[in-house]
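One structure is given below, encoded as structure tokens.
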Amino acid sequence: MTGLTIQVRGERLRLLADKAVYWPARRTLIIADLHLGKAMHFRLSGIAAPAAVEQRNLDRLDRLMQRWRPAEVLLLGDLFHSRHNASWESFAAFRALYADVVFTLISGNHDILDPERYHQAGITCAPFLLRGPFHFTHHPSPQAGHHNIAGHVHPGIRLAGKARQHLTLPCYWFGASAAVLPAFGTFTGLHMVRPVPGDRILAITGDHVFRCSTEA
């Protein structure tokens, strides 16, 4: 899959079509809102949900690991959707395949598992992370002096064509002092963003990331 490189506070970030960011200077893969276990959580509640979605998400993550060989995976919250279910064991087995990679979780509102499960899986948890020019959080939380990068919102953009066609796509949303990443998990919805002049909206369609707003 292709991507697009942008500059933020003097740092190069590679925005990938697989809804993840690679930060080459730190060899860090940044992902928000996997919501693993969500489909199984729905099925256990008697709600029909696609069983294969969990494995597809792990397969996508595995391809990213193989392609970029990160030293760290930074998870911006909502790694696991709700209470423990069998999907956690699948993720723990996947994580064990990359024992030499640091996994850091910025805790989100859905990350309610027993802390010991994260510890046993080799995942370090933190409420936020300051690194270089960036302030990483789950909920968007702009902070003076840093560029906030967050998840939680599941941003989307609605594009209109000349013949009244409309297309809704997931997107990256970069403002002057904060950014919101798209949800990595496929079993998630979209929240339509309201960009202001100067914001950078980078939409994702198929294997491509493309700019769809004027940059300041």
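Rule-based calculations on the coordinates, nothing more; no lab input. Worth saying up front: this structure is predicted, and the values here are computed from it rather than measured. Here Cβ is always computed from backbone atoms with ideal geometry, including for glycine, and neighbour counts include all displayed protein chains.
Take the Cβ atoms of Ala71 and Leu167, set R0 to 45 Å, and the FRET efficiency comes out at 0.80. Ordering 62-69, 132-139 by mean Cβ neighbour count within 10 Å, with the highest value first, yields 132-139, 62-69. The C-alpha atoms of the stretch 69-179 occupy a region whose extents along the principal axes are 53, 37, 28 Å, arranged from largest to smallest. Note on the stretch 117-216: with charges restricted to the Cβ of Lys and Arg (+1) and Asp and Glu (-1), its dipole about the Cα centre is near 200 debye. Rounded to the nearest whole Hz, the Karplus-based 3J(HN,Hα) values (6.51 cos²θ - 1.76 cosθ + 1.60, θ = phi - 60°) of the stretch 177-186 follow the sequence 10, 8, 9, 10, 8, x, 5, 6, x, 7, with x at glycine and proline. Relative to the current alpha-carbon distance between Cys212 and Arg117, full extension at 0.36 nm per residue lengthens the span by 30.1 nm. Charging the Cβ of each Asp and Glu at -1 and of each Lys and Arg at +1, and nothing else, the dipole of the stretch 78-159 about its Cα centre rounds to 260 debye. Between Arg26 and His139, the contour length at 0.36 nm per residue exceeds the Cα-Cα span by 38.4 nm. Given R0 = 41 Å, the distance between the Cβ atoms of Arg158 and Ala93 translates into a calculated FRET efficiency of 0.60.
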